[in-house]
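Student: Before anything else, here's the structure in question.
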Amino acid sequence: MKTALLQLIKHYWGIALLVFAWQAMVMVSGFNEIVVPSTIMVIQALVAEPLYFLHHSAYTFSAAIGGLMLGIALGLLFASLAWLTPVLDGVITPATLLVRSIPIVAFIPIVIRLAGYGSQTILLVTVMLTFFPCYVFALTGLRSPSKAHQDFFASLGCRPSGLATWRFYWRLALPSAVPNLLTALRLLAPTCVLVALVAEFLMGAQGLGYVMVRARSDLRMDVSWAAAMLATVFSVAFFVAASRLEAHLSKVWRH
Amino acid sequence: MSFDAPTPPPTLLEPSPAPCTSGQALTSTGRPITLRSVGKTYALDDGQSTVRAIDNVSMDIAAGEFIAIIGPSGSGKSTLVRMIAGLEEISEGDITIAGDSPRALIAQQRLGMAMQDHGLMAWLSVRQNIALPFRLSGKVPDEARIDRLLQLIGLADFADVRPTQLSGGMKQRVSLARALVLEPDVLILDEPFGALDAVTRRQMNQELQKIWADKPTTTLLVTHSLEEAVLLADRVCVMSPRPGTIASVHSVPLPRPRTLATTFDETFRQLVASIAKEFDAICGLGDAL
Amino acid sequence: MNRTSRFASWCIGFSLLIFFWELAGRENWLGSAWPSLSALFAFMQDPSSAALLLRSSADTASNATIGFLLGSLVGFTLACSGSVWTGLGPGLATFATFVNATPLIALGPLLIVTVGEEVTPAATAGLAVFFSVFIATLSGLQDTNRDQSDVLSIYGSGKIRALICVRIPNAMPKVMDGLKLGTTAAVLGAIIGEWFGAPTGLGVILVSAMQNFQIELLWASALCGTVLSGLSFFLLAAIQTQFIKRLV
């Protein structure tokens, strides 16, 4: 029991310290509790209206995860086409470099103006953000089969040309790309949540990002902080789940 | 330089009259292979200079014969068998397998291959890995055949396990089973046990002997181990350093089935010793002896 | 030959992009929110708007710089402390995961009340830089060469000496990468922070231009943000190359 507690402290002292600092700040600073809500107040706010938070969380995370999945699917699709026809890669790779140098989050106001106020904007920005990294990861993965694997396939007359291309793709190239796709998922998961929150924050219609602004203008700091905390917890959970999945599968994939 | 039994480097080798002794002829399958003045030249990266890897190799391999190829590093052993397997372009000369080109053999999925890097698919179970050649040739996997091979390699209990959980020797056994699952007419083994420790290697030699005897086929084994070559092969070819040529060929008159006990046999010892001496001479170590 | 043809294809691609951008703006293909390049440049050359853009960029840049310096210092120090006091290790790893996944914007509500709306942009910039430098340093320190640290333990050198002599130099390439990513993160962080009610900066005009349909201003300020993050990225990349040149 004692060792378990010690382990808990050993692993979570950073987060415990943050919560402690927050509570200490509330008590020491003498700020009005309406301005700086205490830990308990935030939890009370969460418990008071669970359906309200559930609704907005669901909105935020369906947009973030949907956009991420769409981005990965499109990235994989185009990477597969580029794997087939290297000419396509010559078009997409320069675009990848160009887009990488743009701070996409700063362009969210522009996308909102272009695509309108609605969840399609969140989806669009998320796809814009995830497509290019996914494309790069997927293409590297599709081209990653080892010499030994390629030789084995070639010794059975299966080369990435002609009629055997599909078989080569399906049996070797695509499975080889799976770890890379999972790495992309892990790296992009928190970014997608951020993008969804920023877009909601700026559009002010629905979602946790919206709750953060709305509650603040209603002087309900406890609700605003609760939304922020919820967003953080979900984002971390999403990231941890993606990391676990990646770690588990990469253990299976690499000998 | 002094060494016993100086076999003159033959240019054209006749198939040994009786490669097998005990009843193997009855079950032997496979196709004969003919090499005529085969050469291989690589272009280096600068695009101008070239390296001569194989020079003027001619050989006749009978259907169902087991040939071992040994030679110092860089003598082009792998290049030679990869040309026979159709994985490498032939610069000069001609290789025919029962009258066809190596590429034709590949196209008919009649080639089996196992390499030092076992090349198992990490995402497939042992059974699925062995069944993969069926899938690649668009056939329905013959489950009975796969079961029999799993029995033979002693991994029936591991059929549904992923390769990650297997030891090095187990992976090589799966790789062997995969190479044999389509009952190939030509089997190429390119240092399949090169990465294994000495004890496992001896075990694997006996395993291979057993599996091969179950369905003998034309086999080419590249190896660094003289004992392995003599234990398994009907004929042992010694290659010289670059450019690789066949320096000598030794028939192995030991009866089959051979077991690890065969390695303590006097004939076996003598044969290994005489090939070893010649091998040292080829590597330029003759004077040091 | 290959390089020239690649360069040519780049040039063609770039000219096509500019051509279609201009055409789309003039013909209103993508609606009124897509300005033509010529209109955008005319707007940016106008003295009053140029002054506004320049002033806002300078504000954002100063916020980003303060955040960059503070964030990288704290991130680096905290990560290093983990390898001196090894007991901190597991907790630091959990903390890194947490930090990696925390959406920056969720810290906005907390920052505006604690440090105030005017300091929030520098704080968010600092946090963004802290995130990337902390994680890069931590992973850099983790992949220390085992043989080298064995040599140090054999000669009985202390943890701090091991850190300074072996672990930090080994981690430097990753730290530099983290700093490089940190530059763009700083600009982004500053812009996000400015959305929480700062008086000036690119983030402020981005939002007000979006709300007030000032399309040229909207695009021009986003462009300024891109230039800012691009410039700081290349500045740090140049420093990195110099650094490596001296090291090798």
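The values are calculated or read from the model by the stated rules, or taken from the named source; none is laboratory data. From a predicted model like this one, the values you see are computed outputs, not experimental measurements. Here the Cβ positions follow ideal geometry from the backbone for every residue, glycine too, while neighbour counts run over all protein chains shown. In case anyone asks, the SASA skips ligands and DNA or RNA and just uses the protein heavy atoms, side chains included. Shrake-Rupley method; radii C 1.70, N 1.55, O 1.52, S 1.80 Å.
To keep it simple, each residue is scored yes or no on (1) in the same structural domain as B:R52 (by TED's automatic domain parsing); (2) of a type in the set (A, V, I, L, M); (3) within 16 Å of B:S137 (Cβ to Cβ).
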site	(1), (2), (3)
B:R82	yes, no, no
B:E89	yes, no, no
B:I95	yes, yes, no
B:L105	yes, yes, yes
B:V126	no, yes, no
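Student: Condition first: aliphatic (A, V, I, L, M), more than 30 Å from C:T124 (Cβ to Cβ) and within 16 Å of the chain's Cα centre (by Cα). Can you find one or more residues in region A:167-181 that meet it?
Tutor: Scanning region A:167-181 turns up at least one residue that is aliphatic (A, V, I, L, M), more than 30 Å from C:T124 (Cβ to Cβ) and within 16 Å of the chain's Cα centre (by Cα).
Student: Let me ask something else. Just for region B:178-209: of the residues that are farther than 16 Å from B:M113 by Cα and among the small types (G, A, S), which one is surrounded by the most Cβ atoms within 10 Å (Cβ to Cβ)?
Tutor: Looking at the filtered set, the residue picked out is B:A195.
Student: Also, I was wondering about something else. For C:V119, which of the numbered conditions (1) in contact with a Phe, Trp or Tyr (Cβ under 8 Å, 6 or more places away or on another chain); (2) open to solvent by 20 Å² or more (accessible area, probe 1.4 Å); (3) under 28 Å from A:D222 (Cβ atoms); (4) at pLDDT 85 or above fails to hold?
Tutor: Answer for C:V119: the failing condition is (1).
Student: Now for a separate question. Quickly run through region A:102-144 and pick out the residues that are touching a residue at least 40 places away in the same chain (Cβ under 8 Å), open to solvent by less than 40 Å² (accessible area, probe 1.4 Å), small (G, A, S) and in a helix (DSSP H, G or I).
Tutor: Across region A:102-144, the qualifying residues are A:A138, A:G141.
Student: Provide a single number: the residues in region C:13-30 that are exposed (fewer than 12 other Cβ atoms within 10 Å of the Cβ) and away from chain A (no Cβ under 14 Å).
Tutor: 2
Student: What is the number of the single condition among (1) open to solvent by 40 Å² or more (accessible area, probe 1.4 Å); (2) in contact (Cβ under 8 Å) with a residue 24 or more places away in the chain; (3) more than 30 Å from C:N170 (Cβ to Cβ) that C:A33 does not meet?
Tutor: That leaves (1) as the condition not met.
Student: Turning to a different aspect of this structure: Looking for something under 22 Å from A:T183 (Cα atoms), touching a Gly at 6+ places or on another chain (Cβ under 6 Å) and either within 12 Å of another protein chain (Cβ to nearest Cβ) or surrounded by fewer than 16 Cβ atoms within 10 Å (Cβ to Cβ) (or both) - is there at least one such residue anywhere in region A:70-91?
Tutor: no
Student: Next question. Please return the ranges of helices (runs of 4 or more DSSP H) entirely within region C:74-151 where 1 or more residues are farther than 23 Å from A:F234 by Cβ and under 17 Å from the mean Cα position of the chain (by Cα).
Tutor: Ranges flagged: C:120-142.
Student: Then there is this: Which one of C:G225, C:G197, C:G193 is on the phi > 0 side of the Ramachandran plot and not aromatic (F, W, Y)?
Tutor: Only one candidate passes the filter, namely C:G197.
Student: As an exercise: evaluate A:A95 against (1) of a type outside the set (S, T, N, Q); (2) in contact with a helix residue (DSSP H, G or I) (Cβ under 9 Å, 6 or more places away or on another chain); (3) within 14 Å of chain B (Cβ to nearest Cβ) and give the number of the one condition it does not meet.
Tutor: Tallying (1) of a type outside the set (S, T, N, Q); (2) in contact with a helix residue (DSSP H, G or I) (Cβ under 9 Å, 6 or more places away or on another chain); (3) within 14 Å of chain B (Cβ to nearest Cβ), A:A95 fails exactly one: (3).
Student: From the list B:V161, B:V126, exactly one residue is in contact with a Pro (Cβ under 8 Å, 6 or more places away or on another chain) and within 14 Å of chain A (Cβ to nearest Cβ). Which is it?
Tutor: B:V126
Student: Sticking with this structure for a sec: Looking at region B:158-177, can you tell me whether even one residue there is surrounded by 19 or more Cβ atoms within 10 Å (Cβ to Cβ) and more than 17 Å from B:M121 (Cα to Cα)?
Tutor: Within region B:158-177, none of the residues are surrounded by 19 or more Cβ atoms within 10 Å (Cβ to Cβ) and more than 17 Å from B:M121 (Cα to Cα).
Student: Going by the conditions given, is C:L141 more than 10 Å from every other protein chain (Cβ to nearest Cβ), open to solvent by less than 50 Å² (accessible area, probe 1.4 Å) and either in contact (Cβ under 8 Å) with a residue 40 or more places away in the chain or not hydrophobic (A, V, I, L, M, F, W, C) (or both)?
Tutor: Judged against the criteria, C:L141 is a match.
Student: Give region C:186-208 a look and list any residue that's more than 9 Å from chain A (Cβ to nearest Cβ), open to solvent by less than 30 Å² (accessible area, probe 1.4 Å) and at pLDDT 85 or above, or say none.
Tutor: If the condition is that a residue be more than 9 Å from chain A (Cβ to nearest Cβ), open to solvent by less than 30 Å² (accessible area, probe 1.4 Å) and at pLDDT 85 or above, then C:A186, C:G189, C:A190, C:G193, C:E194, C:G201, C:I205 are the ones that fit.
Student: Looking at (1) farther than 12 Å from C:W219 by Cβ; (2) open to solvent by 70 Å² or more (accessible area, probe 1.4 Å); (3) more than 11 Å from chain A (Cβ to nearest Cβ); (4) not aliphatic (A, V, I, L, M), can you tell me which one C:W10 breaks?
Tutor: (3)
Student: Do you know which of the residues in region A:21-58 that are modelled with pLDDT of 80 or more, open to solvent by 90 Å² or more (accessible area, probe 1.4 Å) and more than 27 Å from the chain's Cα centre (by Cα) is nearest to A:A196 (Cα to Cα)?
Tutor: Only one residue fits best here, namely A:Q44.
Student: Give me the residue from region A:209-255 that is free of Cβ contacts under 8 Å to residues at least 12 places away in the same chain and hydroxyl-bearing (S, T, Y) and, out of that set, surrounded by the fewest Cβ atoms within 10 Å (Cβ to Cβ).
Tutor: Applying the filter and picking the extreme gives A:S217.
Student: Of a type in the set (S, T, N, Q), closer than 20 Å to C:F68 by Cα, within 9 Å of chain A (Cβ to nearest Cβ) and surrounded by 18 or more Cβ atoms within 10 Å (Cβ to Cβ): does that describe C:S229?
Tutor: yes
Student: Would you confirm whether or not region C:84-95 contains a residue that is more than 8 Å from chain A (Cβ to nearest Cβ) and buried (at least 19 other Cβ atoms within 10 Å of the Cβ)?
Tutor: No, that holds for no residue.
Student: Moving on. For region A:191-208, what are the residues that are surrounded by fewer than 22 Cβ atoms within 10 Å (Cβ to Cβ) and without any contact (Cβ under 8 Å) to a residue 60 or more places away in the chain?
Tutor: The answer is A:G204, and nothing else.
Student: Please work out if C:A101 is out of contact with any His (no Cβ under 9 Å at 6 or more places or on another chain), at the interface with chain A (Cβ under 9 Å from one of its Cβ atoms) and at pLDDT 80 or above.
Tutor: So C:A101 passes the test.
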